[in-house]
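Following: one structure in structure tokens, then a few remarks.
The values are calculated or read from the model by the stated rules, or taken from the named source; none is laboratory data. Everything numeric here is computed off the predicted structure, so don't read it as measured data. Here the Cβ positions follow ideal geometry from the backbone for every residue, glycine too, while neighbour counts run over all protein chains shown. Heavy atoms of the whole protein, side chains included, go into the accessibility calculation; ligands, DNA and RNA do not. Shrake-Rupley method; radii C 1.70, N 1.55, O 1.52, S 1.80 Å.
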Amino acid sequence: MNIAISGYGRMGKLIRKIAEQQDHSICAVIDPVSEEAQFKELNTESLSNADVVIDFSVPSSAVENIKRTAQAGVNMVMGTTGWYKEMEAVRGIVEDSGIGFIWSGNFSTGVNLFFSIVRNAASIINYFESYDPFVHEYHHKNKADSPSGTASMIGEIILEELDRKERMVTESLKRKIEPGELHVTSTRGGSIPGTHIVTFDSGVDTIELKHTARGREGFAAGAITAAAWIKHRSGFYGIENMMKEIIKGE
Ligand SMILES: NC(=O)c1ccc[n+]([C@@H]2O[C@H](COP(=O)([O-])OP(=O)(O)OC[C@H]3O[C@@H](n4cnc5c(N)ncnc54)[C@H](OP(=O)(O)O)[C@@H]3O)[C@@H](O)[C@H]2O)c1
């Protein structure tokens, strides 16, 4: 597979390393600042040989990078987080262009299994009103956005499964939390690759589900798996579509 890497930071460099170990070819590295990049922007020239673009850049560039990739007619794996308020606009851009597009706030297989476990747990807890859910995540001090894309995805899953929760709140609250609100909070510091904890707390005990990433390799390997999956497809997909196919063996 010919892969163009958009964003040559920590994730972009790791994707190059793992893709080359798997005998894929890196046909372009695109980054406006990195001296190791051959191109500064996504366009028909920088993407001329690419089967798939893998983008791990910055939240403020994500939507523009999607538009440019769609204009060039190249399929895309979007790993950058922090653009999800534009989800419907992005779906329209992708569907109008006919490209294949897969996104996730977390491409690691373990986290995607964790999503399934949280969904099952929340659907059971739905019958037990005394358990109140909340979500907390920890990430390294250089992370640009909060809450993490993964924490937002966990929050969405809980909102879908728990009838008594209607919306997420992510700020620090200077008031009592409303009964329909789900609190999703963040800590930034050190070098933590990503830890997510889902708690269901009752008056008498606590049930805690926790995923701890040991490093970033799982994200990079998952993004390359997603690139191979999206290469021959068109349309707008979340990683859950790919996971369902793998689990069902379709
Ligand atoms: N989905 C997942 O599995 C997953 C996993 C880990 C991280 N992430 C997300 O991926 C993104 C990148 O993370 P990271 O840790 O690799 O960050 P990083 O080390 O800061 O790398 C981002 C790189 O993108 C560059 N960049 C800025 N604007 C760009 C543009 N318009 N086009 C292309 N590249 C551009 C940055 O350059 P400058 O430094 O000069 O701005 C930097 O080199 C973040 O949004 C993070 O939350 C997702």
**Prompt:** If Asn65 satisfies every condition in (1) within 12 Å of the ligand (Cβ to nearest atom); (2) open to solvent by 30 Å² or more (accessible area, probe 1.4 Å) but one, which is the exception?
**Reply:** (2)
**Request:** List every residue pair whose Cβ atoms lie under 8 Å apart, where the two residues are 6 or more positions apart in sequence or sit on different chains, the first residue falls within region 104-115 and is touching a residue at least 60 places away in the same chain (Cβ under 8 Å), and the second residue, located anywhere, is open to solvent by 20 Å² or more (accessible area, probe 1.4 Å) and near the ligand (Cβ under 6 Å from one of its atoms).
**Result:** Asn106/Phe219; Phe107/Phe219; Ser108/Phe219
**Asked** If you go through region 25-56 one residue at a time, how many are in a loop (DSSP other than H, G, I, E, B) and either closer than 12 Å to Gly100 by Cα or open to solvent by 40 Å² or more (accessible area, probe 1.4 Å) (or both)?
**Response** 13
**Message:** If I filter region 54-61 for residues that are acidic (Asp, Glu), out of contact with any Leu (no Cβ under 9 Å at 6 or more places or on another chain) and either assigned by TED's automatic domain parsing to the domain that holds Ile224 or within 15 Å of the ligand (Cβ to nearest atom) (or both), do I get at least one hit?
**Reply:** no
**Asked** Taking the condition in contact (Cβ under 8 Å) with a residue 60 or more places away in the chain, within 15 Å of the ligand (Cβ to nearest atom), farther than 30 Å from Met168 by Cα and not assigned by TED's automatic domain parsing to the domain that holds Gly149, does Ala19 pass?
**Response** yes
**Fill in**
Per the filter on region 58-94, residues more than 21 Å from Ile224 (Cα to Cα) and touching a strand residue (DSSP E or B) at 6+ places or on another chain (Cβ under 6 Å) are Arg91
**Item:** Which listed residue, of Glu160, Glu171, Glu137, is of a type in the set (Asp, Glu), farther than 30 Å from Ser46 by Cα, at pLDDT 95 or above and not in a helix (DSSP H, G or I)
**Value:** Glu137
**Asked** Only one of these conditions is not met by Gly215: (1) surrounded by 15 or more Cβ atoms within 10 Å (Cβ to Cβ); (2) within 11 Å of the ligand (Cβ to nearest atom). Which number is it?
**Response** (1)
**Complete:** When Ile5 is run through (1) within 22 Å of Phe219 (Cα to Cα); (2) outside any loop (DSSP other than H, G, I, E, B); (3) open to solvent by 60 Å² or more (accessible area, probe 1.4 Å), the failure sits at (3)
**Asked** Given the residues Glu95, Glu88, Glu129, Glu137, which is the only one that is open to solvent by 40 Å² or more (accessible area, probe 1.4 Å), of a type in the set (Asp, Glu) and not assigned by TED's automatic domain parsing to the domain that holds Ala28?
**Response** Glu129
**Within region 195-216, tally of residues that are under 17 Å from the mean Cα position of the chain (by Cα) and closer than 22 Å to Asn120 by Cα** = 6
**Asked** Which one is surrounded by the fewest Cβ atoms within 10 Å (Cβ to Cβ), of the residues in region 174-212 that are over 14 Å from Ser148 (Cβ atoms) and in contact with a Phe, Trp or Tyr (Cβ under 6 Å, 6 or more places away or on another chain)?
**Response** Ser202
